[in-house]
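Inspection log for the structure reproduced underneath, given as structure tokens.
What follows draws every value from the coordinates through simple rules; no lab data is involved. Just so you know, these numbers come straight off a predicted model, no measurement behind them. Heads up, the Cβs are rebuilt from the backbone with ideal geometry, glycines too, and the neighbour counts pull from every protein chain shown.
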Amino acid sequence: MNILERVYLDNGATSFPKAPGVAENMAAYILENGSSVSRGAYSSAMDASRMVYETRELLCEMFNFDHPDHVIFTKNITESLNQGLKGLIDSKDHVIISSMEHNAVMRPLNSIGCKLTRVQADIEGFVSPEDVEKSIQADTKAIVMIHGSNISGSVNDIEAIGRLAKKHGIYFIADVAQTAGVIDISMDYIDMLCFTGHKSLLGPTGTGGFLIQPELAKIMKPLIEGGTGSASEQETQPDHMPDKFESGTPNVVGICGLHTSLKYVLDKGIKNIHDHEMKLVKYFFDNFDQPSVRVVGSRELSNRTAVISLDFKDHDNAVIAFKLERNYHIQTRVGMHCAPSAHKTLGTFPNGTVRVSFSSFTTREEIQYLIDAIDTLVKETN
């Protein structure tokens, strides 16, 4: 077995490599432009402002949205979710979530102290829209739901959930950290869509944001207030978009990289990217045969991403992950993945799992190398 130099299989944490041109265009901005946005009327500042606005338009194209000024940039999806939850929910409200939520949802909600109903997902990580609807109460303010699990790869039917929320006059906030860029998503059924730029959108870390429907933007309170470059004569926060939610100098260099990666993803096609990743998942499932290793979640190719969790029932998951990297240079993610409730749902709490997550740049050869490495490790430690 030839040892490869590096096999990166932690794209569920952050994608590597990034889209072609991301690093080069970020460097070009730093070296050749370097200006802020919304702060100057000179040519390089205007060029930077145009690039930022084009990035808003690209996100509208990706998520079927008609309001570029209602596309807000943050440093990551955690900040986006905090803005949505703390800007909309208070302690007297009732909120519906699932048992698969990430701590980026759970910790803010627990901090707010609102009433929660946790809809139980099945053992494969799927949430029933019917169970969500049964949980609606008279004082329900919002449904907050993860689209794709960062542990099992299960993809929930957020269109059905979003449409039933609309039917009942409830706000729907969607966490699309794992699905943006690999699954088609539309703002038609979402009030607030929270995304990150550095996973399947193939952009740099430090980029994220949210898209928000105009009616919700009017009532949501900003989490951060300060200078926006607009209405500078006032000492109160402007209420026009996007300035209402974008105080302080934005991460222009990061947005420049996101601009490049979004164009790449849209040009390549979300369906084509997903099809490639599902071929890799199928190859893994067809060729991985270890009775002592549980594949967590569904082996079906429908309604999933290329996130796969493995539970080594006769071994310490952390030791397996360590040996995969030390002996074979295979980089994975082991542990609780910031989602203890999901692990309880999937039956992997408190030991967690070894997670492998593929990208559009992962190859079949790397998948076979992973399979062979696991086979060797399991035999060595039996």
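At-a-glance table
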quantity: Per-residue HN-Hα couplings for region 31-36 [Karplus 6.51, -1.76, 1.60; θ = phi - 60°; Hz; x = Gly/Pro]; calculated: 7, 10, 10, x, 8, 7
quantity: Spatial separation of Cα centroids for region 126-192 and region 45-61, in angstrom; calculated: 28 Å
quantity: Chain lengthening between residue 344 and residue 31 when straightened (0.36 nm per residue, less Cα-Cα); calculated: 107.8 nm
quantity: Euclidean distance of C-alpha centroids, region 355-381 and region 79-117, integer Å; calculated: 37 Å
quantity: DSSP beta bridge pairing in the chain, given as percent antiparallel to the nearest 5; calculated: 50 percent
quantity: About the Cα centre, charge dipole magnitude for region 22-268 (Lys/Arg +1, Asp/Glu -1 at Cβ), debye; calculated: 460 debye
quantity: Efficiency of FRET from Cβ geometry, residue 115 and residue 318, R₀ 45 Å, rounded to 0.05; calculated: 0.80
quantity: Estimated vicinal HN-Hα couplings, Hz - region 235-251 in sequence order (Karplus 6.51, -1.76, 1.60; Gly, Pro = x); calculated: 9, 10, 5, x, 9, 8, 9, x, 4, 3, 10, 10, 7, x, 5, x, 7
quantity: Inter-centroid distance (Cα atoms) of region 244-291 relative to region 309-338, Å; calculated: 23 Å
quantity: Proximal lysine pairs, region 1-150, alpha carbons under 15 Å, eight or more residues apart or interchain; calculated: 5
quantity: In nm, spacing of pseudo-spin labels at residue 139 and residue 188 (7 Å Cα→C-beta vector); calculated: 3.6 nm
quantity: Sorted largest first, extent of the chain alpha carbons per principal axis (Å); calculated: 71, 56, 31
